[in-house]
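Participant: Dumping the structure here so I can ask a few things about it.
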Amino acid sequence: EWVDFTDFLSRIIDRFEMTKRENVRFTRILPRKSLFVEIDGDKMTQVIDNIISNALKYSPEGGEVIFTLFEENGKITVSIKDEGIGIPKENLEKIFDRFYRVDKARTRKLGGTGLGLAIAKEMVNAHGGNIWATSEEGKGTQIILTLPYEPSEEGEWS
Ligand code: ATP
Ligand code: MG
């Protein structure tokens, strides 16, 4: 289905904004224009939901979560950045493996199975996109995903 990703992402953020802890702040850096992409909306919702719930799970009191969306060079890029505990460099790639969780003791009490990002990677790749993480321990984590985007397609309908 064709989806305006700007609107799509805004609505997901709105949904989390209503239920999140009050002392975690959301900041949005979104384009003013529509960005139409052909995606499976339900699956992509699951992907974004998991990334945001991870960001909230590991955010400290008073932390900020920054959402960024832009289009460039035939793709859209989505970034979700938190100020949480971060992930050690040597584990950065493994977080996309099934059942992988960085620190069993640390994460056990926070719940989850370790499947969220593995599923996210499968779905993003199936859409022709990529997903990866950057992080600094103790400072925060940034999850970045890209999806193919053809600028010409939207004008035809407006
Ligand atoms: P599930 O998503 O299945 O409920 P989960 O959240 O533990 O469980 P993933 O979403 O796949 O699993 O994440 C894998 C692991 O990567 C997490 O257990 C955590 O250790 C680490 N991780 C993911 N996102 C963050 C983040 N924003 N900050 C710190 N660590 C993270
Ligand atoms: Mg998760």
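Participant: How much mean residue ellipticity at 222 nm does the chain get from its helices, if each DSSP H run of length 4 or more adds -39500 (n - 2.57) and you divide by all residues, to the nearest 500 deg cm²/dmol?
Facilitator: Numbers: 5 runs with 52 residues, N = 158.
Helix-only estimate at 222 nm: -10000 deg cm²/dmol.
Participant: May I pose another question? Excluding residues on the same chain fewer than 8 positions from Lys89, give the aspartates and glutamates whose Cα lies under 20 Å from its Cα.
Facilitator: Within the straight-line cut-off, Lys89 pairs with Asp97, Asp103, Glu136, Glu137.
Participant: State the percent of C-alpha pairs, over all pairs in the chain, separated by a distance greater than 18 angstrom.
Facilitator: Numbers: 7196 of 12403 pairs.
Roughly 58 percent, rounded to a whole number.
Participant: For the chain, modelled as a Gaussian network with Cα springs under 10 Å, which listed residue fluctuates most, Thr45, Thr134, Thr113?
Facilitator: Its mean-square fluctuation being the largest, the pick is Thr113.
Participant: State, to one decimal in nm², a quarter of the convex hull surface area for the C-alpha atoms of the range 1-71, i.e. the direction-averaged projected area.
Facilitator: For the range 1-71, averaging the hull's shadow over all directions gives 4.7 nm².
Participant: Okay, moving on. Where does the longest stretch of the chain lie that holds no chymotrypsin sites (Phe, Trp or Tyr not before Pro) found in a DSSP loop with 11 or fewer other Cβ atoms within 10 Å? Could the numbers behind the result be given before it?
Facilitator: Values: sites that count: Phe99, Trp157.
By the stated rule (loop sites, at most 11 other Cβ atoms within 10 Å), 1-98.
Participant: Show me the GluC sites (Glu not before Pro) within the range 35-65 that DSSP assigns to loop and that have at most 14 other Cβ atoms within 10 Å of their Cβ. The partial results should precede the final answer.
Facilitator: Values: sites: Glu38, Glu61, Glu64; in loops: Glu61.
Taking the range 35-65 and a limit of 14 other Cβ atoms within 10 Å, the loop GluC sites (Glu not before Pro) found are Glu61.
No value in this document is a laboratory result; all are computed from the given coordinates. Since the model is a prediction, treat every value here as computed from it, not as a measurement. Virtual Cβ from ideal backbone geometry, glycine too; neighbours counted across all protein chains shown.
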